[in-house]
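Shown next, in structure tokens, is the structure this report addresses.
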Amino acid sequence: MRVPDRWASADRTVAGWCGLTVAGLVVAAVGTFLPWLSSGSVERDSYAAAAVIEYVFRPGPFAEFALRAWSGVVIATTLCVVMLALGLWRTGAVLSAVIGLTVGTGAALLAVHIIDASGPVRIAPAGPVISATGSVLALLGGFGLLLATAAARRDARLRQQTGQVTQ
């Protein structure tokens with residue numbers, strides 16, 4: 001039994017939303033490696049900033065878990081892109097929405113504080129703004145992909161019921 005090629009049967013809408021989702025995920029992940037905090041001449045990306053926050057402030061268990069889970073952003077993003085490439089669109093869309101919400105929330109929380117640039121430690125605008133932008137694209141792409149796959153399944157079911165089976 002041959003596994004059907006999901007990309008061969010995908011319509012352009014699904015492919016377009018999938019492309020937007022992947023682009024958003026890549027932009028969000030790249031933004032996590034850009035500067036998020038700066039003090040003096042030292043700039044820290046989001047991963048170094050999370051490590052410093054965890055070391056200096058000794059947060060509670062939930063915040064500590066969130067800071068440690070932040071290091072899995074790139075792994076989750078890669079997993080999501082692989083799922084989309086394999087044609088697991090609904091699963092990839094849900095994971096991209098989760099990534100978009102979590103990374104976007106963290107980035108947006110810092111991005112709104114960019115205006116207050118006083119003090120020895122400042123928020124660098126590049127990382128949070130780019131990650132937030134990519135997260136919004138990934139979130140929109142994920143929701144669009146869910147809607148497009150639902151419409152494609154509905155159309156395929158209608159064609160099958162009316163006897164318009166295409167091969």
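The values are calculated or read from the model by the stated rules, or taken from the named source; none is laboratory data. Remember, it's a predicted structure, so these values are computed and weren't measured experimentally. Glycine gets a Cβ as well: all are built from the backbone with ideal geometry, and neighbour counts include every protein chain shown. We work out accessible area using only protein heavy atoms, side chains counted, and drop any ligands, DNA or RNA first. Shrake-Rupley method; radii C 1.70, N 1.55, O 1.52, S 1.80 Å.
Exactly one residue among T21, T32, T91 is over 16 Å from T149 (Cα atoms) and among the polar types (S, T, N, Q), and that residue is T32. Count of the stretch 94-135 residues, restricted to those that are among the polar types (S, T, N, Q) and open to solvent by 50 Å² or more (accessible area, probe 1.4 Å), is 4. A residue that is over 25 Å from S38 (Cα atoms) and of a type in the set (A, V, I, L, M, F, W, C) cannot be found anywhere in the stretch 118-131. Taking residues in the stretch 110-134 that are assigned to a loop (DSSP other than H, G, I, E, B), and partners anywhere that are modelled with pLDDT of 85 or more and not hydrophobic (A, V, I, L, M, F, W, C), the pairs with Cβ atoms closer than 8 Å and at least 6 places apart or on different chains are I114/P125; I114/P128; V121/S38; A124/P35; A124/S38; A124/E43.
Going through (1) more than 26 Å from D155 (Cα to Cα); (2) free of Cβ contacts under 8 Å to residues at least 24 places away in the same chain; (3) not β-branched (V, I, T) one by one, A28 falls short only on (2). Of all residues in the stretch 79-93, exactly one satisfies the criterion of being open to solvent by 20 Å² or more (accessible area, probe 1.4 Å), of a type in the set (A, V, I, L, M) and closer than 14 Å to L139 by Cα, namely V81.
Against the definition (at pLDDT 95 or above and open to solvent by 70 Å² or more (accessible area, probe 1.4 Å)), how does F65 come out, yes or no? Criteria not met by F65.
Against the test of being of a type in the set (G, A, S) and closer than 30 Å to G16 by Cα, the options G87, G60, G40 yield a single qualifying residue, G87.
When the stretch 140-156 is filtered for residues that are open to solvent by 50 Å² or more (accessible area, probe 1.4 Å) and either in contact with a Leu (Cβ under 6 Å, 6 or more places away or on another chain) or of a type in the set (F, W, Y) (or both), only F143 remains.
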